Structure formats: structure tokens, C-alpha cells
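The structure's right below; bear with me while I get my questions together.
The values are calculated or read from the model by the stated rules, or taken from the named source; none is laboratory data. Keep in mind that what you see is a predicted model, and the values were worked out from it rather than measured. All Cβ positions, even for glycine, are placed from backbone atoms using ideal geometry, and neighbour counts span all protein chains on display. Ligands, DNA and RNA are stripped out before the accessible areas are found, and what is left, the full protein with its side chains, is counted by its heavy atoms. Shrake-Rupley method; radii C 1.70, N 1.55, O 1.52, S 1.80 Å.
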Amino acid sequence: MAIQVFNTLTNKKENLITAEEGRVRMYVCGPTTYNYIHLGNARPLVVFDTIRRYLEYAGYQVTYIQNFTDVDDKIINRAREEGMDPMALAEKYILEYFKDADQLGVRRADAHPRVSQHMPEIIKLIQKLIDSGHAYQVDQDVYFAVRSFAPYGKLSGRSLDELQAGARVDVDPRKQDPMDFALWKSAKPGEPSWPSPWGLGRPGWHIECSAMSQKYLGWEFDIHGGGCDLIFPHHENEIAQSEAASGRPFARYWLHNGFITVNQEKMSKSLGNFFLLRDILQKFPGDVVRFYLLSTHYRSPLDFDDQKLEMSKKALGRLKVTISLIEEILKNPVEKTPPPPSAPELKKALQTARDAFEQAMNDDFNTSLAIAALFDLSREVNSFINDSRFSLSQTSAQALAEVRGLFSQLGGQVLGVLMGPGEDKGQPDQGLVEGLMDLIIQVRQQCRQRKDWEMSDAIRDRLKELGIVLEDTPRGVRWKRA
């Protein structure tokens, strides 16, 4: 089955047909680095990281670019408040971004271009627009002439007059049209600036992504991603200036994730209802936050509260318990005399889960249904293990090992929430933890054999204080995080 994506440009699902067979070139708008990222920023990071992972799973070679906007009014204003150099402030929050992204298991892009490092490309693109009659200079500022690009509005699905009626635009009598937007802004005292043919200044917001995406991916690439709040004006303006400059189509497919809401209102700094990811990660592990962000289809709104994160924590915990049971059984087999349950049935459930997972992800990356397929498999595994006739025969061991591998591949490598030993970002090495716990359990068992109940109970109670629960099962002692 072909991968289908919902293309904002055409407002419908389409088969993913890339410019170059077997390769996907993908650009995703990154954060403006003037503060720690909030949960609304985190959603596209996780969504498009997962899309990238699935495309690789499906056999594509993916070139993934995500930029940093490190030159912006917000950065300049925040730097004034903190008494810092704007570029130093931007650098600080780029480093903090990576700390948070690592906690979410977001992989590094193939390149993370910064605006400040691409002034020659930006200036060259602006000059090209001036030379072709799509931009004009006023004093030391340069503006894009929106009415010179006839298809303007095709991404947002509205005409230029409709957009102008509903938009808040800068009042500047020097503009040829109120909707014209800045490509280059003249320098102001105390602000970072760069030399250009039009004088000292800095680029406007929209031209940055056009210049950087063109440098790393070419004029026409496959997927452009971002939050739905970027459809207008940012992505609309990107299309206009890029296609006006090249005379060719820009991105083939435009993918946009939905808003995160709080009490059904969009999360935003202006409303004061945003939550820094850094604060959320103090209360919930990164894999839980990632699981929560993927539990709803990426185009749908996602309402936020702590209770939903608690539910995600419990749900992800159930999958981890199933995986732990498999690993425990494979390490400590217990044979029983009755005939074992049918291992082929478990292998059939495994294939059903893989098929359902792929079908969900092929349908516009429906992570919600993909996760449901993993839970269906988890229930089948639990039934198989809890069958009174269960024994670890060669066939059942092979089936369980394959299931463990599938959880690692689909839940770990693709969704990024069920990583294998030592793969959890920002977490202690799981192999070391398991080895230490095996040693502690052996010591406690020796205490029990010597009838040293006081020491045995002390070990159990101290582990509980540290968040580790010991459980006595027919297959021996099992441990889990509380």
C-alpha cells in the first residue's frame, strides 16, 4: 500500500510520489530561539521526527533539515530584557533546545541551519527577486510585491483580498500594497545587522526558510512541515517568494500538525496558557510526553492537562510490562508438562499487528491507530503467556523473541517510545540497571534462604523508596519501576 499524506496545498490526501525514487527531501520549520520550547513547539518536533522515522522504515533515504531562527525581533527584545547580546541569547536557547529534544528522543536533523550563518544565500535570493520584478527597495528596506505573484493565497485557500481583509499588517505608507512583506529590514541602533547591497540590516522572517531550504534540498523538494499556525503568513510567503524566484514549484507536499489546546483554547504565549516543556519533563519522563503527543492523529487538536499525561504514563507502562514479561521468560524459562498453547497463533497475531501498524501509518501517519495495533498485540502476548499450559518450547521462545523484536522496531525505532536497552535518551544505561537489579535480587534471595528476614525486608523496602517494586511470581522475583 502506498503512503498517503494530507497535502494542505490541495486540501486532500495524496499518494506520496517523490521527485527522486526512493528518496525523501524534507524541511521542517524549527523554533525561534528566545526561550525554552513549550509543549506547542514540541509537537511538530515529535510529529515530524516520527514521520521521518517511518519513511526510513518504509525504505526511503531521508534528508531531513530543520532550521533555527536565531535572528528575530523576539530574540532582540528578550536579549534587552536579560541584558545579553542577541546572538549569545540565541545560542543559549539552541543548546537548551537540544537538551529538551534529546529527552523526547528527537533525533538530530541532517542539518540544523541557522539564519545568522546563511546571510550570503539570503541576500542572493533577495537580489534575484528584485531583478525579476517581484521585490522592490524603499530606502534601505526591501519588500516582496505580493500582487506580482498571481497564485498568492493558494496554500491558505483564500484570495489576496480575503487575506488582506482578515490580516493584521504593518502600516507602512511606503509599501506598494499593504500586504507586501519585508525581505530585508534596515538596521536599527543596538540591533544585530549585516552588510548588504541595500545597506546594513537583517532579513525578514519568511525569506530565511526559502534560502536555507533551497541550499540544502534544491528548489523543488518533497515535504515541507510545520505547525498549522505557520500556514499563513509564513508558509504562504515562502511559496510566493520561492516560486517567484525560481519559476518552479516549491515543496510538493505541505504537512501541518494541529494546535495543542488548554481548556479548548489554543496554547500560546499571548494568552498566557503555555507550558514549558522543561517544566513538564520535571514531572513526566520524555517517552511518556512523546507517547502523549503521538496518541492523537497529528492533524487533530490535542487538549492538554496533567491527567492526560498520567493516562499516557499508565498506558505506556502496560506495554513496558508486557515487554518485561517476555524478557523475564526468555531469561528464566519454566517448563510445564501439558502441551503448550499454539505458538503459530502468536506469530499470526504478530503479523496482524505489523500489518495494522503499517496500514495506519500509510494512511497519513495515523500514530493513534498504530499505537492501538501495539496494544492489540500486547493483549495477545499476555493471553499466550498466562495460558495454564504455557511452556517455553523452542517454537514459543522464537515467537516471543520475534514479538520482542517487533515492539523494539515499531514502538522503539519508529514511534520512539519503546526503546531497547541503553537507547532511552537521557536515561541511565538499561543494561547496567538490569544487571545491578539481578545482583540485588540474588543477594536478597540468599538472605531469605538464610532466614535473614530483616535484611530481606530492608532491601525490599529501600528499593521501594527508590521507586522499584519487587514482585514474587511463579517464575521467580520480578522487578519494575513504580
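Please give the helix 39-57 orientation as an angle from the longest Cα principal axis of the chain, in degrees from 0 to 90, rounded to the nearest 10.
That works out to roughly 70 degrees.
I'd like the accessible area for H112: 1.4 Å probe, protein heavy atoms, all chains in place, Å² to the nearest 10.
Rounded to the nearest 10, that gives 40 Å².
Using only the Cα atoms of the chain, construct the convex hull and provide its projected area averaged over every direction, in square nanometres to one decimal. Show your work: numbers first, answer last.
On the way: hull surface 106.5 nm².
Its Cα hull, projected and averaged over all orientations, spans 26.6 nm².
Quick one: net charge around Q66, please, counting Lys, Arg +1 and Asp, Glu -1 for every other residue with C-beta under 12 Å from its C-beta. The partial results should precede the final answer.
Details: positive: R52, R107, R108, R114; negative: D49, D110.
That works out to +2.
Counting only heavy atoms of protein chains, what accessible area per residue, in Å², does the chain have with a probe of 1.4 Å?
On the way: 22120 Å² over 482 residues.
Heavy-atom SASA per residue in the chain reads 46 Å².
Next up: What are the semi-axes of the equivalent ellipsoid for segment 121-205, taken as the square roots of 5 times the Cα gyration tensor eigenvalues, largest first, in whole Å?
On the way: eigenvalues 117, 44, 24 Å².
Equivalent-ellipsoid dimensions as semi-axes: 24, 15, 11 Å.
Carbon-plus-sulfur fraction of the accessible area of the chain, 1.4 Å probe, in percent? Let's see the in-between values first.
Values: 11030 of 22120 Å².
C and S atoms contribute 50 percent here.
I'd like the Kirkwood hydrodynamic radius of segment 1-99, using the inverse of the mean 1/r over distinct C-alpha pairs, in Å.
Mean inverse Cα-Cα distance, inverted, gives 15.7 Å.
Same structure, new question: Identify the GluC sites (Glu not before Pro) of segment 121-220 meeting these criteria: DSSP loop state and at most 16 other C-beta atoms within 10 Å of the C-beta.
Working: sites: E121, E162, E208, E220; in loops: E220.
Answer by residue number: E220.
If you average 1/r across every pair of different Cα atoms in segment 212-288 and take the reciprocal, what Kirkwood value do you get, in Å?
Working: mean 1/r = 0.0664 Å⁻¹.
It works out to 15.1 Å.
Same structure, new question: By accessible area of protein heavy atoms, probe 1.4 Å, what ranking do K451, K154, K331 get, highest first? Before the final figure, lay out each step's value.
Numbers: K451 140, K154 75, K331 110 Å².
Heavy-atom accessible area, descending, gives K451, K331, K154.
Per the Debye formula with a single identical scatterer at each Cα and no solvent contribution, what log10 I(q)/I(0) holds for segment 176-318 at q = 0.13, 0.14, 0.18 Å⁻¹?
Values returned for q = 0.13, 0.14, 0.18 Å⁻¹ are -0.81, -0.89, -1.09.
For segment 18-158, what number results from the quotient of the Cα radius of gyration and 2.2 N^0.38 Å? Working shown, then result.
Values: Rg = 18.2 Å, N = 141, 2.2 N^0.38 = 14.4 Å.
Taking N as the residue count of segment 18-158, the ratio is 1.26.
Using a 1.4 Å probe and ignoring any ligands, DNA or RNA, find the accessible area of R450 and quote it in Å² to the nearest 10.
Counting only protein heavy atoms, R450 exposes about 150 Å² to solvent.
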